[in-house]
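The structure under discussion appears below in the form of structure tokens.
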Amino acid sequence: MHCWLQKLLKSKGPLSAQHGAKARVAQSSTSSSSSAALSSLGTAPSKPLQPSFALSSPQRWSRKYDVLVCHSSVDSDAEEAQRLVSFLEASSSGFRCFLRERDSCPGGAISTELCDAVENSHLWALLITPSFLQDNWCQFVTQQALSEGPMSHRTIPLVKNLHRSQVPRELRFFFNIDLNNNPDRGYNLLHRTVLCYLEELVKKYKDT
């Protein structure tokens with residue numbers, strides 16, 4: 001299962017090295033296969049991604065959500081999260097996303113709702129901003145995600161308005177997506193990351 005992440009990390013490197021690598025990455029050709037998608041990570045696709053066999057697989061539908069998006073309660077973060085979710089849901093992949101203010105049951109216990117959402121999501125995208133670091137519910141979701149999949153690399157920090165050194169230490173070794181300079185490119189990268197994860201999930205199931 002870690003194969004897809006190792007390729008991502010090898011192709012992207014640390015956030016501080018991304019700018020120097022973009023020119024080389026942009027020269028990679030894009031195809032509908034997972035390996036080609038990985039080689040072109042970090043660049044905006046010139047055409048929509050081709051439908052993936054993983055999107056209709058039983059392994060994908062074993063969980064209610066493809067991605068849980070966690071953000072702080074401040075308006076700017078909520079708006080950024082909504083833009084990201086709209087992008088993922090409107091894409092050709094039609095990813096199923098969880099947003100607390102939209103998808104939680106009215107009147108339900110917040111802690112229970114969040115625990116259920118973490119358990120029923122393939123990946124957890126954390127919109128890490130200065131406000132995220134001060135939000136108690138964001139910290140709660142982070143700890144639940146780390147507990148649910150401590151070494152699975154299912155947690156994906158999305159860094160905005162912060163330097164990588166300000167990311168919580170327990171999240172720095174995960175594959176980080178930088179939204180500081182080009183959010184659209186970051187959105188595309190998250191889309192590809194989710195798709196590659198689902199494809200590897202199916203491959204792993206077939207190999208067992």
- prompt: Across segment 178-208, what is the number of residues that are out of contact with any Cys (no Cβ under 7 Å at 6 or more places or on another chain), open to solvent by less than 60 Å² (accessible area, probe 1.4 Å) and in contact (Cβ under 8 Å) with a residue 40 or more places away in the chain?
  reply: 18
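State whether the residues of segment 111-129 include one that is aromatic (Phe, Trp, Tyr), touching a Ser or Thr at 6+ places or on another chain (Cβ under 9 Å) and either crowded, with 20+ Cβ neighbours inside 10 Å or under 23 Å from Glu79 (Cα atoms) (or both). First the steps, then the outcome.
Keep residues of segment 111-129 that are aromatic (Phe, Trp, Tyr), which gives 124.
Narrowing further to those that are touching a Ser or Thr at 6+ places or on another chain (Cβ under 9 Å): 124.
If we keep only those that are either crowded, with 20+ Cβ neighbours inside 10 Å or under 23 Å from Glu79 (Cα atoms) (or both) too, we end up with 124.
The answer is yes; a qualifying residue exists.
Conditions (1) closer than 30 Å to Phe53 by Cβ; (2) assigned to a helix (DSSP H, G or I), marked per residue:
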{"site": "Leu127", "(1), (2)": "yes, no"}
{"site": "Pro130", "(1), (2)": "no, no"}
{"site": "Trp137", "(1), (2)": "no, yes"}
{"site": "Phe140", "(1), (2)": "no, yes"}
{"site": "Ser152", "(1), (2)": "yes, no"}
{"site": "Leu158", "(1), (2)": "yes, no"}
{"site": "Leu162", "(1), (2)": "no, no"}
{"site": "Arg185", "(1), (2)": "yes, yes"}
{"site": "Tyr205", "(1), (2)": "yes, yes"}
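Quick grid of which residues meet (1) among the basic types (Lys, Arg); (2) touching a residue at least 12 places away in the same chain (Cβ under 8 Å); (3) farther than 21 Å from Asn182 by Cβ:
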| position | (1), (2), (3) |
| --- | --- |
| Ser52 | no, yes, yes |
| Asp66 | no, yes, yes |
| Asn120 | no, yes, yes |
| Thr129 | no, yes, no |
| Ser147 | no, no, yes |
- request: Would you check if Leu171 is more than 11 Å from the chain's Cα centre (by Cα), farther than 12 Å from Trp124 by Cβ, touching a residue at least 40 places away in the same chain (Cβ under 8 Å) and open to solvent by less than 10 Å² (accessible area, probe 1.4 Å)?
  value: no
- prompt: For segment 82-101, does any single residue satisfy the condition of being surrounded by 15 or more Cβ atoms within 10 Å (Cβ to Cβ), free of Cβ contacts under 8 Å to residues at least 40 places away in the same chain, under 21 Å from Arg63 (Cα atoms) and aromatic (Phe, Trp, Tyr)?
  reply: yes
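The values are calculated or read from the model by the stated rules, or taken from the named source; none is laboratory data. Because the structure is predicted, anything quoted here is derived from the model rather than measured. Every residue, glycine as well, gets a Cβ built from its backbone with ideal geometry; the counts of neighbours run over all protein chains shown. The area values use the complete protein model at the heavy-atom level, side chains included, leaving out ligands, DNA and RNA. Shrake-Rupley method; radii C 1.70, N 1.55, O 1.52, S 1.80 Å.
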